[in-house]
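Visitor: Just dropping this structure here.
The values are calculated or read from the model by the stated rules, or taken from the named source; none is laboratory data. None of the values given here were measured: they were computed from a predicted structure. Here Cβ is always computed from backbone atoms with ideal geometry, including for glycine, and neighbour counts include all displayed protein chains.
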Amino acid sequence: MKKIVLREDQMPTSWYNVGPDIPGGLHPPLDPETKEPMAPEKLAQVFPMGLLEQEMSPERFIKIPDEVMEVYKIWRPSPLVRAYKLEQALGTKAKIFFKNEGVSPVGSHKPNSAVPQAYYNKIEGVKRLATETGAGQWGSALSMATSKFGLECKVFMVRCSYDQKPYRKSIMHTFGADIVASPSNDTETGRAVLAKDPNTPGSLGIAISEALEDAASREDTNYALGSVLNHVILHQSIIGLEAKKQMEIAGEYPDVVVGCCGGGSNFAGLMGPFVPDYLDGKKIKFVGYEPASCPSMTAGKLAYDAGDVAMRTPLLYMHTLGHDFMPPGIHAGGLRYHGMAPIVSALIRDDIIEPKSVHQLECFEAGVLFARTEGIIPAPETTHAIRGAIIEAMKDPDEPKTILFNFSGHGLIDMAAYDAYFNGELHDYAYPTEAIAESLAKLPEID
Ligand SMILES: Cc1ncc(COP(=O)(O)O)c(C=O)c1O
């Protein structure tokens, strides 16, 4: 069987919350001013209660609202596909499966969380959402989701992606969103950054500060984040829950689960639902791949840090390169983030996730091989997962293991990056030792 497709009535009806199953537990978010655990009322200034409850929930399963299921069914359940041609090209005995999240309306896993986030804001009377976007995938997803629920949407898009990916802007416009390049002149944070460096490529950390400032300055507006937070990973668990059923139908079980990691949501969404089996003694390896030029998991520190440059977010206990780390302008814009989800960070601490890093050129090479064998062009972010799956398959090509990876998005709006690759204009960035040391020196001090 090439691909395993579930019927709509086989879709999971609840999300799975991996938080309560993490052996060493999760640290609470702290108030950046008092350094005490964050009061929910303060978070409620920019998030709806429905999402805050999920953020802190001790429940392992949370029902997916019918209205969300209805929108999910535009593209879900997503197919699980066996990459036979890739296996043949590699000459490996490994079986390689991928969960194709590129089939969503905007081409990535991001709508899995954008839709419930728009829904919970809508039912609590919010009229407008402000957000940031790196590669433009999250902004596109939230624009689509807000249009489904009749909300306005303002997107702060990281400058280098804004310039590299004009069609992401077109997608957001089509769904009715208002988009501006970040840093922008629309916020105090943006103006301050531009005054220091008018040619900055921007970063997710800056764009988050701008979106939060926008949300905090308006009564009618809440903030939405596309990764990192517990509730985002909860929503993304639909990927792993479906994949588990599909692997069962295929008569297989993964020995290795692989994903690319930006803020950690697509990888945690796929691997999370396999964690209870791991804790029950099942032999399964979880490997997350990040860019070598933005190595929060492999070179960052596990510490409390802010999620944004202006330190407006709660302090999260996570692997971080420092909140003002400016990652090099690699083409996988969605992986250019200084922090890693607290859930993923805790699973690394507990030796459940193995973190690895890869360079951009070897990822594009893997992406091209995948396109030519499997017929789908991956997003630059997703090429990190493909490179990861190939590394796992080729460790011992004669070992008949089963690998499952998350195909987090297609690359049809990222063709400028492929052009640059084919023209020899892309290069690998050296590991930014000094920049990391400098920004880690500015971590907030917590007793
Ligand atoms: C296609 C794709 N994959 C992966 C990511 C990384 O995000 P996360 O680690 O939260 O899944 C992004 C982020 O924009 C993305 O667009």
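Visitor: If the requirement is being away from the ligand (no atom under 15 Å from the Cβ), of a type in the set (A, V, I, L, M, F, W, C), on the phi < 0 side of the Ramachandran plot and assigned to a helix (DSSP H, G or I), which of these qualifies: 347, 361, 404?
Guide: Details: 347 fails: away from the ligand (no atom under 15 Å from the Cβ); 404 fails: assigned to a helix (DSSP H, G or I).
Only one candidate passes the filter, namely 361.
Visitor: Among residues belonging to segment 136-150 that are surrounded by fewer than 24 Cβ atoms within 10 Å (Cβ to Cβ) and of a type outside the set (Phe, Trp, Tyr), point out the one that is farthest from the chain's Cα centre (by Cα). Talk me through it step by step, then tell me what you get.
Guide: Start the filter on segment 136-150 by keeping residues that are surrounded by fewer than 24 Cβ atoms within 10 Å (Cβ to Cβ), which leaves 147-150.
Now drop any that are not of a type outside the set (Phe, Trp, Tyr), which leaves 147-148, 150.
On the way: 147: 21, 148: 22, 150: 25 Å.
Of everything passing the filter in segment 136-150, 150 is farthest from the chain's Cα centre (by Cα).
Visitor: Tell me which residues, restricted to segment 256-298, are touching a helix residue (DSSP H, G or I) at 6+ places or on another chain (Cβ under 9 Å), farther than 16 Å from residue 349 by Cβ and part of a loop (DSSP other than H, G, I, E, B).
Guide: Listed by number, the residues that qualify are 262, 263, 282, 284, 292, 293, 294, 295.
Visitor: Of the residues 289, 278, only one is of a type in the set (Ser, Thr, Tyr) and over 27 Å from residue 441 (Cα atoms); which? Let's see the steps before the verdict.
Guide: Numbers: 289 fails: over 27 Å from residue 441 (Cα atoms).
Going through 289, 278 in turn, just one is of a type in the set (Ser, Thr, Tyr) and over 27 Å from residue 441 (Cα atoms): 278.
Visitor: For segment 108-115, indicate whether the set of residues that are surrounded by fewer than 24 Cβ atoms within 10 Å (Cβ to Cβ) and assigned to a helix (DSSP H, G or I) is non-empty.
Guide: Among the residues of segment 108-115, not one is surrounded by fewer than 24 Cβ atoms within 10 Å (Cβ to Cβ) and assigned to a helix (DSSP H, G or I), which makes the answer no.
Visitor: Here is a follow-up. Within segment 1-24, can you find the residues that are over 20 Å from the mean Cα position of the chain (by Cα), surrounded by 12 or more Cβ atoms within 10 Å (Cβ to Cβ) and of a type in the set (Gly, Ala, Ser)?
Guide: Matches in segment 1-24: 14 only.
Visitor: Quick one: residue 78 ticks every box in (1) over 21 Å from residue 63 (Cα atoms); (2) in a loop (DSSP other than H, G, I, E, B) except a single one, so which number is it?
Guide: Going through the list (1) over 21 Å from residue 63 (Cα atoms); (2) in a loop (DSSP other than H, G, I, E, B), residue 78 breaks only (1).
Visitor: Shifting gears a bit: Could you check how many residues of segment 56-75 are farther than 30 Å from residue 41 by Cβ and part of a loop (DSSP other than H, G, I, E, B)?
Guide: Qualifying residue count for the region: 3.
Visitor: Scan (1) buried (at least 23 other Cβ atoms within 10 Å of the Cβ); (2) away from the ligand (no atom under 12 Å from the Cβ) for the single condition residue 239 breaks and write down its number.
Guide: All conditions are met except number (2).
Visitor: Just name the residue that is nearest to the ligand (Cβ to nearest atom) out of those in segment 370-401 that are among the β-branched types (Val, Ile, Thr) and part of a helix (DSSP H, G or I).
Guide: If we filter segment 370-401 for residues that are among the β-branched types (Val, Ile, Thr), which is where we start, we get 373, 376-377, 382-383, 386, 390-391.
Now narrow it down to the ones that are part of a helix (DSSP H, G or I): 373, 382-383, 386, 390-391.
Values: 373: 19, 382: 5, 383: 10, 386: 11, 390: 17, 391: 18 Å.
Only one residue fits best here, namely 382.
Visitor: Now for a separate question. When the residues of segment 407-431 are filtered to those that are touching a Phe, Trp or Tyr at 6+ places or on another chain (Cβ under 8 Å) and not in a strand (DSSP E or B), which remaining residue is surrounded by the fewest Cβ atoms within 10 Å (Cβ to Cβ)? Don't jump to the end; show me each part of the working.
Guide: Kept after step one, since they are touching a Phe, Trp or Tyr at 6+ places or on another chain (Cβ under 8 Å), are these residues of segment 407-431: 407, 411, 413, 417-418, 421, 426.
Within this subset, residues satisfying the condition of being not in a strand (DSSP E or B) are 411, 413, 417-418, 421, 426.
Details: 411: 25, 413: 23, 417: 25, 418: 20, 421: 20, 426: 18.
That would be 426.
Visitor: In segment 316-335, which residue that is crowded, with 24+ Cβ neighbours inside 10 Å and away from the ligand (no atom under 16 Å from the Cβ) is modelled with the lowest pLDDT?
Guide: Among them, the one singled out is 325.
Visitor: Every residue in segment 166-193 that is more than 21 Å from the chain's Cα centre (by Cα) and among the basic types (Lys, Arg), please.
Guide: Residue satisfying the conditions is 191 alone.
Visitor: Moving on. Looking at 192, 211, 207, 268 in this structure, which one is away from the ligand (no atom under 16 Å from the Cβ) and among the small types (Gly, Ala, Ser)?
Guide: One residue alone meets the criteria, 192.
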